[in-house]
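The values are calculated or read from the model by the stated rules, or taken from the named source; none is laboratory data. Keep in mind that this is a model prediction, so the values were computed, not measured. Methodologically, a virtual Cβ is constructed for each residue, glycine included, from the backbone with ideal geometry; neighbour enumeration extends over all protein chains shown. Surface areas here come from the heavy atoms of the whole protein model, side chains and all, with no ligands, DNA or RNA. Shrake-Rupley method; radii C 1.70, N 1.55, O 1.52, S 1.80 Å.
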Amino acid sequence: MSRGAFFCLFFHKASRRTGRPKRAGDPPGTGRGEGMAVKFQSVAGMKDILPEETPLWQDLEKVLREVVRSYGYAEIRMPAVESTSLFVRSIGEVTDVVEKEMYTFDDNGDSLSLRPEGTAGCVRACIESGIIHNQERRLWYMGPMFRHERPQKGRYRQFHQFGVEVFGLAGPEIEAELILMIARIWRIFGISDRLTLELNSLGTPEERVAYRASLVDYLRAHQDQLDDDSRRRMETNPLRVLDSKDPGVQEVLSGAPVLSSCFGEETRQRFERLQQILRDAGVPFKINERLVRGLDYYSHTVFEWVTDALGAQSTVCGGGRYDGLVEQLGGHSTPAVGFAIGLERMVLLLKTLEACSAAPAAADVYLCAMGDEAVRRSFILGEQIRSEVPGIRLLTNCAGGAFRKQFRRADQSGAAFALILGESELEQGMVGIKDLRQGTEQRNVPWGEAAAELKNLLGV
Ligand code: HAM
């Protein structure tokens, strides 16, 4: 598919004059003063996707579906709400997501949370249904996720992920398949040159235990240079300190021991094999020894695709291997690996890089009718044409008015042709056709030939 097939939005933001009630004490929904209507705003960090933007989303979703289909993946759909403990057990107690970002609520004594990501729910669903027991599974999902983060460009409280999870395959080959699949997605959109693949291995749990000890020794020796968060995490989950964005901590980390120094031969070899396949396939990557990801379930390979085009929220896709998670959540020990693309960031990237073309008009044909009888008959004509011209987008006037006014509306709709049904056309059994873009005169065709004529004109 070519880049030209993607739509871009050149729309202006609707002005935000509407708002919450201004006075803190005002009860929501009633407004200040008797009978005054209140205009509501969306919740901070939760955006509407307006009709000007949905064609781009639909196109993106379509391409993603086609790509995973071409690799033989099947869709799974999970609920947006799960038990809070599922996320705590899988993502990890000492992570930003679980400590600060979950939308958690009490449901008659059960603690439930809006899903902050898809992996935990996917694993839960697979164990519960038994579909990964002694079986390979290649799955994908798409949908909203929720994290109570500070909203900014590219970071929202409701956002969408396109995720892939594979179960039952233990080797680096499947990791290579996932990375090649993602590289294909970037290529289709023509944005490969603005995305960099960062790769790391977190080794085995045993190797991480050894590393943890040497990291903690190092961090203890530099305690006074750490911020409070990192000092706390040093005791509870020291690998998370590697995630710190604090510049002082970053500096301390530049002298810290690296995880790869604790790797045994097997880990080294499997990581090298993945790199070899990627080199053979011509997918460039950068090893980032500090890449640990923000979720605790990973082991061995982890990766992120980052861009220089979006500012601070630069990670468009992240993933890795999580062999221990299925067992940890009560299933049989099963190797697993996956990734998720943040769709808002992908859309932002496509818009920023103008890797999409202008949004198409909403209609091909605008049906104008005037006079009581003609308006009634126009519905029959419209239905007939929709049945006979597959894929046609036909807008019916539905707003009355003189033909001059209807033609103005037809023009604004972006339609290429107007169909005209007035009293005289009706009497003669004819339908008028007018080319709106060429501005040529109306010509009439018999009612029964209108659909064929449109097929011809639209080239369908
Ligand atoms: P994650 O890195 O937490 O991984 O999220 C994946 C992607 O979701 C990020 O790279 C980013 O593009 C997007 N994202 C995350 N938070 C936000 C936000 N607040 N606003 C907008 N976009 C956001 C996971 O969620 C793992 N479940 C991925 C995975 C699947 N690993 C294995 N399988």
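General observations
- Rounded FRET efficiency, nearest 0.05, which uses the C-beta distance separating Ser85 from Val216 and R0 of 35 Å: 0.80
- The angle between the Cα long axis of helix 54-70 and the longest principal axis of the Cα atoms of the chain comes to about 60 degrees, rounded to the nearest 10.
- For the chain, the longest principal axis of the Cα atoms and the long axis of helix 119-129 meet at an angle of about 90 degrees.
- Counting lysine pairs in the chain that sit 8 or more residues apart in sequence, or on different chains, and whose Cα atoms lie under 25 Å apart gives 22.
- With the convex hull of its Cα atoms as the shape, the stretch 73-174 has an orientation-averaged projected area of 7.8 nm².
- Only Cα sites of the stretch 189-280 enter the Debye sum here, all with the same form factor; the resulting log10 I(q)/I(0) across q = 0.12, 0.25 1/Å is -0.49, -1.20, listed in q order.
- Each residue, Lys245 and Glu423, gets one label point 7 Å from its Cα in the Cβ direction; the gap between the two is 6.9 nm.
- Other residues within the sphere of radius under 13 Å centred on the Cβ of Val166, judged by their own Cβ, net out at -3 (K and R +1, D and E -1).
- Per-q log10 I(q)/I(0), the stretch 365-458, q = 0.16, 0.22 Å⁻¹ (Debye; single scatterer per alpha-carbon; no solvent): -0.56, -1.14
- Per-residue ellipticity at 222 nm, computed for the chain from helices alone with -39500 (n - 2.57) per DSSP H run of at least four residues, works out to -10500 deg cm²/dmol.
- To the nearest ten degrees, helix 403-413 and the longest principal axis of the Cα atoms of the chain are 20 degrees apart.
- Think of a 1.4 Å ball rolled over the protein heavy atoms: the chain then has 50 Å² of accessible area per residue.
- When Thr267, Thr236 are compared by accessible area of protein heavy atoms, the largest-first order is Thr236, Thr267, using a 1.4 Å probe.
- For Arg138, neighbours were defined as the other residues whose beta-carbon sits under 10 Å from its Cβ, and their charges (Lys and Arg +1, Asp and Glu -1) total -2.
- Charge tally in the Cβ shell below 13 Å around Glu427, where Lys, Arg are +1 and Asp, Glu are -1, Glu427 excluded: -2
- The stretch 357-460: GluC sites (Glu not before Pro) in DSSP loop, at most 15 other beta carbons within 10 Å: Glu441
- Difference of contour (0.36 nm per residue) and Cα-Cα distance, Glu206 to Glu449: 79.9 nm
- Amide H contacts under 5 Å for Thr396, placed H, 5+ residues apart: Leu367
- Amide H contacts of Thr301 (H built 1.01 Å from N, under 5 Å, at least 5 apart or other chain): Leu202, Arg321
- Only the Cβ atoms of Lys and Arg (+1) and of Asp and Glu (-1) were treated as charged; on that basis the dipole of the stretch 365-458 about its Cα centre amounts to roughly 440 debye.
- Accessible area, probe 1.4 Å, largest first, for residues Met78, Met346: Met78, Met346
- Net length gained if the chain between His148 and Glu52 were fully extended (0.36 nm per residue, minus Cα distance): 31.9 nm
- The calculated pair-distance distribution of the chain uses every alpha carbon pair, bins of 20 angstrom beginning at 0, and gives 20, 43, 27, 10, 1 percent.
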